[in-house]
1. Identify the single condition in (1) among the hydroxyl-bearing types (S, T, Y); (2) at pLDDT 85 or above; (3) under 16 Å from the mean Cα position of the chain (by Cα) that Y62 does not satisfy, given that it satisfies every other one.
2. Any residue at all in the stretch 93-101 that's at pLDDT below 70, more than 16 Å from L133 (Cα to Cα) and not β-branched (V, I, T)?
3. Only one of these is surrounded by 13 or more Cβ atoms within 10 Å (Cβ to Cβ), under 19 Å from the mean Cα position of the chain (by Cα) and of a type in the set (D, E, K, R): R126, R120, R111. Name it.
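The values are calculated or read from the model by the stated rules, or taken from the named source; none is laboratory data. Predicted model only: the values in this text are computed from it and were never measured. Here the Cβ positions follow ideal geometry from the backbone for every residue, glycine too, while neighbour counts run over all protein chains shown.
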Amino acid sequence: MNNYAVKLVSIVFNDKFGNFVLREAYEDKTFRNTHFVNKFIQSRKTYYEGLFDIELKVNPYYHDTLQDDDILPVFDRVAEYFGTDYTDMFADRKREHVRARWLGMLICNDRGVHPEVIARHIGLDRTTVLHGLKTIRNNIDTYNKDRTEYINVSDHVLVRLHGLYSEDGSGKELS
C-alpha cells in the first residue's frame with residue numbers, strides 16, 4: 001500500500017473477455033493513499049455489475065515531488081514533528097537532531113531532490129548528506145520501528161505541505 005496521496009486519472013472497465021466497455025476520466029479525484037482508491041473502485045465496480053477487469057490509471061507522484069522552494073519547509077515540518085526548532089536540528093550532533101535531519105534528507109531525496117541540492121539548501125557538505133541518506137536507509141531497512149517512524153514523519157510532512165485530505169476516500173480536501 002502506498003502511503004502518499006494519489007490522484008486518480010481514469011478507470012477503464014472491461015468485460016470478462018477483455019473487451020473495452022467503459023472509461024471514466026477524473027480531473028480532481030485525490031485520495032489519501034491507494035487504500036481509498038481501491039475502496040472507490042470497488043464502489044464503482046458494483047455499479048457496473050458483471051464487469052470483471054479494471055485498468056486503473058493513477059498519478060502516484062501527485063504530492064510526491066518537491067520543488068526547490070519546498071526543501072526548507074520539509075525540514076521545518078520534520079522539526080515540528082519532533083517538537084524541536086529548525087535551527088536546533090542543525091546546531092549540534094545530538095542523536096535526536098541528527099535523526100531528524102536524516103529523515104528530512106530522506107523525505108526530500110525520496111521525492112526526487114538530488115543530494116547536492118539538499119546539501120546546498122541546508123548548508124551541509126554533499127558527502128554528509130550522502131552519509132545521512134545511507135545510514136537512515138539502512139536503519140529503515142533493518143528496524144521496523146525506524147520504518148514506522150519514517151512513514152509517520154513523511155505523512156506529517158506531506159499533509160502539512162500539501163493539505164489534509166478526507167479519510168473517507170472521497171478525495172475532498174479539508175480546510
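1. In the conditions (1) among the hydroxyl-bearing types (S, T, Y); (2) at pLDDT 85 or above; (3) under 16 Å from the mean Cα position of the chain (by Cα), Y62 misses (2) alone.
2. no
3. R111
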